[in-house]
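Here's the structure, in structure tokens; my notes come after.
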Amino acid sequence: MTPPVTTSAPITPLTPTLQRVAQHLADDLTPREIATRTGLSAVTVRQYVGDIRESLHCPPRCKPPVIVHRLFAAQQVAPPTTDRPTPKLSPEQQLLLQAVAEHSNPHDIAVAAKIAPADVRAAHDELLDKTGAANTTQLVVLAHAWGLLGTSRHDGERSEPVNASPVSVATKPFPASPHRRATALPAVYEMRTLCTDAERDEAAALVQDRQRWLTMRGMPVPAQADIPALFRDPQAKPAGLFEDGLLLACMIPQRGPHLRWGEGPCLFLGCVHTLPDRSDDTVRLITLWVSDFAARLGVPLVRAEVLARHPLDVDPIATFLHRLTDMGWDLRGSGTGQHDERVARLELTAERRPGLSALIGCRVHEPRSAADQRGIA
């Protein structure tokens, strides 16, 4: 169980720049919306959000509601206000409120709230109904405005951050439909097709960051193709792995492309690039997802290629290949890849994983066959 965020640990005060980004988080904006609002790049906003997490001693993968709770508790953003009357919560609802403010993982929420994991979603929906909040972040903001999470606008003991105006949760409308909460507690991660120019540009920027990171460490990068341009091409149908709106990885899945190796149909996973310094965990998530995705498409195997310009036992990527085999990939030797560069060849058995949707939501279009694709980088 992930330890809860406590308010007793000393924090590092936020810089003015981080405080501005934090205020946008408290206003219930996603990182992508913050990038649009501020003119910063999505990559920069991701870094700032990570810096805020670190300054507040939040778990590295905690979701926005936890960050926002800690921001208010540590008085790093303006205190919220609302003209909505304070609801009367039961002790069980108060415990659940505290749990969703301190934990992101549904199992951890269940343990902290002392309810069965299967009952968390229904209890969470009931809490949203009781408070009129549209989502968990707005629930946390309202709870702080009401003083239900240890802070209140009326306790006379708070000091507001300099140059900050109170957050008014009354100015942001809450949808009235009871159907708005169909995804109140969504999967921790989401894999989806990159449908907008902004999303594809963000993926291209991630690829460029990854390639610079690889170059600095003496690792091979593609020399024969403009990979960022592939991700900007809507015809390529790229997909991205997201955590709370933050892009962790991007790739181009393709069904049954012509390869120079392997027999039988496959799903080819091309151009996989991950956020620097988070490769292992992210690739493990991608491995679980693509194995299940291929099985649901009725394809027995997944194949991928990794640039490898030296014998595999001495290549700089040898350690990475070993980690991939530990994750279930089979190494099928090396040879010429899709764009005439030497690659290591990898194969993974497709396998249905019925419980995976609770961890990784999937909104990826059925892949098409295409000639232009690259390997894992």
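Brief remarks on what is shown
- For the stretch 255-268, the criterion of being under 23 Å from the mean Cα position of the chain (by Cα) and not aromatic (Phe, Trp, Tyr) is met by no residue.
- Residue in the stretch 71-90 that is closer than 24 Å to TRP146 by Cα, acidic (Asp, Glu) and free of Cβ contacts under 8 Å to residues at least 60 places away in the same chain present: no
- Sole exception among (1) hydrophobic (A, V, I, L, M, F, W, C); (2) at pLDDT 85 or above; (3) in a loop (DSSP other than H, G, I, E, B); (4) open to solvent by 60 Å² or more (accessible area, probe 1.4 Å) for VAL162, by number: (2)
- Of the strands (runs of 3 or more DSSP E) entirely within the stretch 227-315, those holding at least 3 residues that are open to solvent by less than 10 Å² (accessible area, probe 1.4 Å), within 30 Å of THR137 (Cβ to Cβ) and touching a Lys or Arg at 6+ places or on another chain (Cβ under 9 Å) occupy 239-243, 246-255.
- Taken over the stretch 327-356, the criterion of being in a helix (DSSP H, G or I) and open to solvent by less than 40 Å² (accessible area, probe 1.4 Å) is satisfied by LEU356 alone.
- In the condition set (1) open to solvent by 40 Å² or more (accessible area, probe 1.4 Å); (2) over 16 Å from the mean Cα position of the chain (by Cα); (3) among the hydrophobic types (A, V, I, L, M, F, W, C); (4) at pLDDT 90 or above, MET216 is compliant with all but (4).
- Taken together, the residues in the stretch 85-140 that are among the small types (Gly, Ala, Ser), surrounded by 15 or more Cβ atoms within 10 Å (Cβ to Cβ) and not in a helix (DSSP H, G or I) amount to 4.
- Just one of the listed residues (ASP209, ASP201) is within 15 Å of LEU275 (Cα to Cα), open to solvent by 70 Å² or more (accessible area, probe 1.4 Å) and under 22 Å from the mean Cα position of the chain (by Cα), namely ASP201.
- Qualifying residue in the stretch 52-64 (condition: over 17 Å from the mean Cα position of the chain (by Cα), buried (at least 18 other Cβ atoms within 10 Å of the Cβ), in a helix (DSSP H, G or I) and touching a residue at least 60 places away in the same chain (Cβ under 8 Å)): no
- When restricted to residues that are in a loop (DSSP other than H, G, I, E, B) and either open to solvent by less than 30 Å² (accessible area, probe 1.4 Å) or among the hydroxyl-bearing types (Ser, Thr, Tyr) (or both), the stretch 316-326 contains 1.
The values are calculated or read from the model by the stated rules, or taken from the named source; none is laboratory data. Because the structure is a prediction, the values reported are computed rather than measured. Cβ atoms come from the backbone with ideal geometry, glycine included; neighbour counts cover every protein chain shown. What goes into the accessible areas is simple: the full protein's heavy atoms, side chains included, and nothing from ligands, DNA or RNA. Shrake-Rupley method; radii C 1.70, N 1.55, O 1.52, S 1.80 Å.
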